[in-house]
């Protein structure tokens, strides 16, 4: 039983997931500081209120409703997604594209034997 647990924990994808969680938590702190330091003061400057939480509040039969809380969550989501896209996804896509181009160039420069061996390797992988 312990051997199975050890094999599970030492699998590459579990370690990758653990690293992703730690990086994600750190990245969340950066984005939250961006929201608190730049976006919320911008909203305060435009609307004259420190945040959107009190915007669009109303009460019906003693129940309090707030459109502002939903708007705050939407703005936070958009900022987080934009930050992830522009800071992580876009640079990674460019890196992968340049790496793929270099790999294709090296394949074109390879001898016939190397190309044949690579084709055999790829065929064996796809079995």
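Only the coordinates and a few stated rules stand behind these numbers; no lab work does. Values in this document were obtained by computation on a predicted structure and should not be read as measured data. Cβ placement follows ideal geometry from the backbone for every residue including glycine, while neighbour counts extend to all protein chains displayed.
Worth pointing out:
- Considering residues of region 51-89 that are in contact with a strand residue (DSSP E or B) (Cβ under 8 Å, 6 or more places away or on another chain), surrounded by 11 or more Cβ atoms within 10 Å (Cβ to Cβ) and free of Cβ contacts under 8 Å to residues at least 12 places away in the same chain only, the residue farthest from residue 38 (Cα to Cα): 65
- The conditions of being without any contact (Cβ under 8 Å) to a residue 24 or more places away in the chain, part of a helix (DSSP H, G or I) and touching a strand residue (DSSP E or B) at 6+ places or on another chain (Cβ under 9 Å) are not met by residue 37.
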